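Participant: The structure follows.
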Amino acid sequence: MTQLTELAKKLIDGRNFANVATIMPDGSPQVATVWVEREGETIVINATTKRQRYRNLKRDPRVALCVFDMANPYSTVMIRGKAIEITRKDAEEGIDRLSMKYHGRKYAYHSAEQPRVIIRIRPERVAQMG
């Protein structure tokens, strides 16, 4: 597994957004801005089962992320990798944790009609600027 750089860890651990690109069934790209965290060298995002990124990653695990410093958007890391796990286990707690990180409060929009999943991503290539 490719190791995350110190800049990548700093940006992921901070209150910075990630743009996540997945592949649509027709091969075209799909991009969404998401909250992001990590577990060691593994990148973690959260989604509902109704989100396109969830459907795309279930079908094709290839993914790319660009995490940028909110204070200096020219300081970025670009990561390519694969979704190695998609699970509902602890996903509601995961979105609460991310909401605390980004907003300082638990997530307010839990819905039984839109169950959440945790998506764990193994980086395969890491590049950075800044």
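Participant: Using modelled amide H (1.01 Å from N, peptide plane; none on Pro or chain starts), what sits under 5 Å from the amide H of ILE84, excluding residues fewer than 5 places away?
Facilitator: Sorted by chain and number, the residues that satisfy this are ARG120, ILE121, ARG122.
Participant: Which of the trypsin sites (Lys or Arg not before Pro) found in the range 36-108 are in a DSSP loop and have at most 14 neighbouring Cβ atoms, other than their own, within 10 Å?
Facilitator: Values: sites: ARG38, LYS50, ARG51, ARG53, ARG55, LYS58, ARG59, ARG62, ARG80, LYS82, ARG88, LYS89, ARG97, LYS101, ARG105, LYS106; in loops: LYS50, ARG51, ARG88, LYS89, ARG105, LYS106.
Of the trypsin sites (Lys or Arg not before Pro), the ones in loops of the range 36-108 whose Cβ has at most 14 other Cβ atoms within 10 Å are LYS50, ARG88, LYS89, ARG105, LYS106.
Participant: For the range 14-110, which GluC sites (Glu not before Pro) are in a loop by DSSP, counting at most 11 other Cβ atoms within 10 Å? Please list the in-between numbers first.
Facilitator: Numbers: sites: GLU37, GLU39, GLU41, GLU85, GLU92, GLU93; in loops: GLU41.
In loop regions of the range 14-110 (DSSP not H, G, I, E or B), there are no sparsely surrounded GluC sites (Glu not before Pro).
Participant: Could you name the aspartates and glutamates in cross-link range of LYS58, using Cα to Cα under 16 Å and dropping any fewer than eight places away on the same chain?
Facilitator: Within the straight-line cut-off, LYS58 pairs with ASP26, GLU85.
Participant: Still on this structure: Given springs between every Cα pair under 10 Å in a Gaussian network model of the chain, which of THR48, THR76, THR33 has the largest fluctuation?
Facilitator: Sorting by GNM fluctuation, first place goes to THR33.
Participant: Need the list of aspartates and glutamates near LYS106 for cross-linking: C-alpha distance under 16 angstrom, and skip anything on the same chain fewer than eight residues off.
Facilitator: Candidates past the 8-residue exclusion: GLU37, ASP90, GLU92, GLU93, ASP96.
Participant: Which of SER99, SER111 has the fewest other C-beta atoms within 10 Å, and how do the rest follow up to the most? Write down the numbers at each step before the final one.
Facilitator: Values: SER99 17, SER111 9.
Least crowded to most crowded, the residues run SER111, SER99.
Participant: Between GLU41 and ARG80, what length comes free when the chain is fully extended (0.36 nm per residue of separation minus the Cα-Cα distance, one decimal in nm)? Let's see the in-between values first.
Facilitator: Working: separation 39, 0.36 × 39 = 14.04 nm, distance 1.31 nm.
Additional length available on full extension: 12.7 nm.
Participant: Who wins for biggest fluctuation among ALA83, ALA112, ALA18 in a Gaussian network model of the chain, springs between alpha carbons below 10 Å?
Facilitator: Greatest mean-square fluctuation among the candidates belongs to ALA112.
Participant: Please state the charge dipole magnitude for the chain, taken about the Cα centre, from unit charges on C-beta atoms (+1 on K and R, -1 on D and E), reported in debye and rounded to the nearest 20.
Facilitator: Details: 23 positive and 15 negative charges, 49 e Å.
The dipole of the chain has a size of about 240 debye.
Participant: Now for a different question. Considering only DSSP states other than H, G, I, E and B, which chymotrypsin sites (Phe, Trp or Tyr not before Pro) in the range 71-130 qualify as loop sites with at most 12 other Cβ atoms within 10 Å? Spell out each step's value before the answer.
Facilitator: On the way: sites: TYR74, TYR102, TYR107, TYR109; in loops: TYR107, TYR109.
Counting only loop positions with at most 12 other Cβ atoms within 10 Å, the chymotrypsin sites (Phe, Trp or Tyr not before Pro) in the range 71-130 are TYR109.
Participant: Anything over 21 Å Cα to Cα? Flag those among LYS9/LYS50; LYS50/LYS89; LYS10/LYS50, in the order listed. Provide the component values of the computation, followed by the final result.
Facilitator: Values: LYS9/LYS50 29 Å; LYS50/LYS89 17 Å; LYS10/LYS50 30 Å.
Over 21 Å Cα-Cα: LYS9/LYS50; LYS10/LYS50.
Every number in this text was worked out from the coordinates using simple rules, so none of it is lab data. Being a predicted model, the structure only gives us computed values, none of them experimental. Cβ atoms come from the backbone with ideal geometry, glycine included; neighbour counts cover every protein chain shown.
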